[in-house]
Amino acid sequence: MPGPSDPSDLGLFPLGLVLLPGERIPLHVFEPRYRQLYADCVLEDRPFAVVQAVDGGIARVGCSARFAMLGRRFADGRMNVTVIGLEPVEVLEETSGRLYFSARVRPLQDDPAEVDEARAARVRELFARLAREVTGADDPPEVPDDVPLSYAVAGAVELEPAAKQELLELRVENERLDRVEGLLTVALEGADRARVASERAKTNGRVTLS
């Protein structure tokens, strides 16, 4: 039976968001069980898994993660921490013996298909255009070692949890790049409309979004 010494038996952190490989997110840890999860993972140098909380349960595919930084520890035990996503995992079966939720998981590997460089180039260009439109910057997405471009770009923009969950569950990078390209295109169109609306508002104070 799996137990605390089983490397595939990980603590679970159900959240109303989705974490992607390579992505860093801040978390406020306040429940005693998740403070215990933090303590166990740091003391035992173990990862855990962030899973999306859905309809009273959890998604079957999540992302293993590590606590990357402790930002602040409050007097009552609450903590502000930063976590970093590692790799997609599938939840196989729940386990017991801990204060927090836990489960036996298995890593999910991508299909070994060659990445279409034309797709990748389009995604990089769309991301650069969106960055210029929103922030004025023109920096390429930071792609950590062993993190697919699709995850790096998707983790650098604001996306709905459903869209990120779909990316997390896809096992072909070219398919993920197609999804990210579509999401960036929609986001860029929205940014363009917002800019035009702002410019019109400066001139007459009346704006119609269509």
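See the values below:
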{"quantity": "Subset of region 23-69 (residues that are closer than 15 Å to Leu108 by Cβ and part of a loop (DSSP other than H, G, I, E, B))", "calculated": "Pro47, Ala59, Arg60"}
{"quantity": "Residues of region 4-49 satisfying the condition of being within 11 Å of Ser64 (Cα to Cα) and among the small types (Gly, Ala, Ser)", "calculated": "Ser8, Gly11, Gly22, Ala49"}
{"quantity": "Number of positions in region 131-157 that are without any contact (Cβ under 8 Å) to a residue 24 or more places away in the chain and out of contact with any strand residue (DSSP E or B) (no Cβ under 9 Å at 6 or more places or on another chain)", "calculated": "11"}
{"quantity": "Single match in Arg176, Arg122, Arg104 (criterion: touching a Pro at 6+ places or on another chain (Cβ under 9 Å) and in contact (Cβ under 8 Å) with a residue 40 or more places away in the chain)", "calculated": "Arg104"}
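Rundown of residues vs (1) in the same structural domain as Ser150 (by TED's automatic domain parsing); (2) among the small types (Gly, Ala, Ser); (3) part of a loop (DSSP other than H, G, I, E, B), yes/no style:
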residue: Ile84; (1), (2), (3): no, no, no
residue: Leu92; (1), (2), (3): no, no, no
residue: Leu99; (1), (2), (3): no, no, yes
residue: Ala103; (1), (2), (3): no, yes, no
residue: Pro112; (1), (2), (3): no, no, yes
residue: Ala121; (1), (2), (3): yes, yes, no
residue: Arg124; (1), (2), (3): yes, no, no
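The values are calculated or read from the model by the stated rules, or taken from the named source; none is laboratory data. Nothing here was measured: the structure is a model prediction, and the numbers come from that model. Heads up, the Cβs are rebuilt from the backbone with ideal geometry, glycines too, and the neighbour counts pull from every protein chain shown.
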